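Everything on this sheet refers to the single structure shown next.
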Amino acid sequence: MNERTALQNAKRKTVSYAKWGYIFILPFFVVYLCFTLIPQFLTIYNSFFENYRDGLTQIGPNFVGLENYKALFTADSAGTVRILKYLANTMIMWFVGALPQFVIAMLLAIFFTSYRLNIKGQGFFKTVIYMPNLIMAAAFSMLFFTLFSRVGPIQMLLTKWGWIDASFDFFSHRVTVRGMIALMNFLMWFGNTTIVLMAGIMGIDQALFESATLDGANATQVFFRVTLPLLMPIFVYCLITALIGGIQMFDVPQVLTKGNGAPDELSRTLVMYLNGYLTTKNYGMAGAISVIIFIITGVLGGFVYRMLTAQYRDPGRQHRQRKGDVL
Amino acid sequence: MKKLDDNTLGRLKLNILRGIVYAILIFLCFLCLFFFYLMVINATRSNAQLATGFTLLPKEHFFDNLVNAWNDASINIPRGMLNSLIVALSTAVLTTYFSALTAYGIHAYDFKGKRLAFTFIMAVMMIPPQVSALGFVQVMNKLHLNNNYIPLIVPGIAAPVVFFYMKQYMESVLPLDLVDAARIDGSGEFHTFNTIVLPIMKPAIAVQMIFSFVSSWNNYFIPALLLDKAELKTVPIMIAQLRSADYSKFDMGKVYMFILLAILPVLITYILLSKSIIKGVTAGSVKG
């Protein structure tokens, strides 16, 4: 009898505290609603309207259905579908930076966690390679521009060495502009990826390595048969988040090329395209581009969501959590 | 005898491998530092010295460039730094406090819709701010909040990534018995959160404060769409402005100094706190 009242009391207690849960999460949801969710719907809504300025006259907003989307995917007079061109630019520059980013991060993560190699000075190396990640992308890009400009020190040095002609301009060639952007992205992100992958390797149960070694596996076999498969989820997570970040590429190419994506708009990214319409107040087209980017990142984000919440879908864990014995 | 040979051979191989690894590491460090080293060196050279080309040695014009950059008529960098500081500090405080509060609300209480709330936050985590920027700018213009810091600071209250980090941290360090004990002692719920939970969360809050400060300080896309009054502009907008200005007329020593000033606060923070920052990098990633 006594026990039962205690239980009922406990139950009542839980119920009476519920309102605090709502109160505590309320600010988040109110702010999210006002500053993200409503704007998100407005953005989608805008994509169905013709709404821009033609000189001094304001056109629209008039409902046009899917016309903006149609316009987005229609080839211009030169025969290019601009959004696809910018998407390709974005993906090429992302890939050229991401390939060395992942290869080197993987190598460094293996080096740093290898007991046999026993690398000294890890703290220093990690501090240095992570540093560019925190640097303001706009400032980093401005720095590259100044260093590589026609009157910059790198141009002058390479001319003196006779590697390039004095008239060479880093900013008028597709390969060098895209290369610089990819190099900056690589420098900004490989340290971050290294640290995340390292944490992943160190999270693998040591006993697995030991038993593999006892069974006669050599270092290469241990890596390909034990480390790599167990690291896969984190590797894929890094790859997808990097891809989502790549889709958002903006600050670096925007500042480097003064927003024009020179040469021939070959370094213009999707978000630069969006930003162009936002600053000229063509809200219909800006809305349509936003929706396209939203769909791309939404699909990719879906994978990340599944990976991050996997631990919460495990029923055993849920049970323990509900009982509140977290430790 | 053969055994010994094998051993020395193995050791030799290992040492060669180690040499290669150190060489790769040193090369990567060089790559990471080289451009910033050039920036610092060039910030110590006058415009005339810069015109002579590449050098690795500092010159004596650091303070001239600093004074020139600081007092520049068109780019008010001290004002920009103050503006960025105000925005970034407020964002960091709001983001961490409210993310911890939201995480605590979901972690410590049972209520209807709790799982839905959690699922929602996790689902919207990867949506980039650019895709709602259009509606965001429209709403802010309508409310006359463009040229105002509210749209740059307040949205920090709803930061899914920081929330997720706080939630995970709470799961590992915050026993709910402690909360129960506080209740028995007559502590109110807000009081418990502020005086018991927050102090336990201190390491997580410190790390996330640094990260949100840095990302707010570096943020360019949204502020550039909202701020057009000169006295409100933040540092990244000024840097972009520097790029659009007529470049050939610029004192290049000053340009390097502007860039140096733009990244200096973050650089100093990093040098002082790199250990805890690197520890916090794995924030929110999948557990293996």
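For the range A:271-285, filtered to residues that are under 21 Å from the mean Cα position of the chain (by Cα) and surrounded by 24 or more Cβ atoms within 10 Å (Cβ to Cβ), the residue that is farthest from the other protein chains (Cβ to nearest Cβ) is A:TYR273.
Residue by residue, here is whether (1) in contact (Cβ under 8 Å) with a residue 40 or more places away in the chain; (2) within 27 Å of the chain's Cα centre (by Cα); (3) not assigned by TED's automatic domain parsing to the domain that holds B:LYS249 holds:
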site: B:TYR22; (1), (2), (3): no, no, yes
site: B:ILE26; (1), (2), (3): no, yes, yes
site: B:PHE34; (1), (2), (3): no, yes, yes
site: B:LEU38; (1), (2), (3): no, yes, yes
site: B:ASN42; (1), (2), (3): yes, yes, yes
site: B:PHE54; (1), (2), (3): no, no, yes
site: B:LYS59; (1), (2), (3): no, no, yes
site: B:PHE63; (1), (2), (3): no, no, yes
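Each residue in the range B:240-257 was checked for being buried (at least 24 other Cβ atoms within 10 Å of the Cβ) and within 12 Å of B:SER74 (Cα to Cα), and 1 of them qualify. Does the range B:47-54 include one or more residues that are in a helix (DSSP H, G or I), within 9 Å of chain A (Cβ to nearest Cβ) and crowded, with 17+ Cβ neighbours inside 10 Å? Looking for residues that are in a helix (DSSP H, G or I), within 9 Å of chain A (Cβ to nearest Cβ) and crowded, with 17+ Cβ neighbours inside 10 Å, one finds at least one in the range B:47-54, hence yes. Do we find that A:MET188 is surrounded by 17 or more Cβ atoms within 10 Å (Cβ to Cβ) and at pLDDT below 90 in this structure? No, not satisfied.
In the set A:VAL128, A:VAL151, only one residue is surrounded by 15 or more Cβ atoms within 10 Å (Cβ to Cβ) and touching a helix residue (DSSP H, G or I) at 6+ places or on another chain (Cβ under 8 Å); that residue is A:VAL128. Exactly one residue out of A:ALA182, A:ALA219 is out of contact with any helix residue (DSSP H, G or I) (no Cβ under 8 Å at 6 or more places or on another chain), touching a residue at least 24 places away in the same chain (Cβ under 8 Å), aliphatic (A, V, I, L, M) and more than 9 Å from chain B (Cβ to nearest Cβ): that is A:ALA219.
B:ALA224 - would you say it is in the same structural domain as B:GLN130 (by TED's automatic domain parsing) and surrounded by 15 or more Cβ atoms within 10 Å (Cβ to Cβ)? Answer is yes for this residue. Taking the range B:81-198 as the region of interest, the helices (runs of 4 or more DSSP H) fully inside it that hold 3 or more residues being closer than 30 Å to A:ALA288 by Cα and more than 21 Å from the chain's Cα centre (by Cα) are B:114-123, B:133-142. The listed residues are B:LEU9, B:LEU33, and the only one of them that is surrounded by 13 or more Cβ atoms within 10 Å (Cβ to Cβ) and in a helix (DSSP H, G or I) turns out to be B:LEU33. Filtering B:VAL255, B:VAL266, B:VAL281, B:VAL214 for residues that are out of contact with any Leu (no Cβ under 8 Å at 6 or more places or on another chain) and within 9 Å of another protein chain (Cβ to nearest Cβ) leaves a single hit, B:VAL281. Across the range A:96-125, the number of residues qualifying as in a helix (DSSP H, G or I), without any contact (Cβ under 8 Å) to a residue 60 or more places away in the chain and either away from chain B (no Cβ under 14 Å) or surrounded by fewer than 18 Cβ atoms within 10 Å (Cβ to Cβ) (or both) comes to 6. You will find that of B:LEU134, B:LEU89, B:LEU116, the residue that is closer than 15 Å to B:PHE164 by Cα and either more than 8 Å from chain A (Cβ to nearest Cβ) or crowded, with 21+ Cβ neighbours inside 10 Å (or both) is B:LEU116 and no other.
The values are calculated or read from the model by the stated rules, or taken from the named source; none is laboratory data. Note that the structure is predicted; figures quoted are calculated from it, not measured. Here the Cβ is made from the backbone with ideal geometry for all residues, glycine too, and neighbour counts use every protein chain on show.
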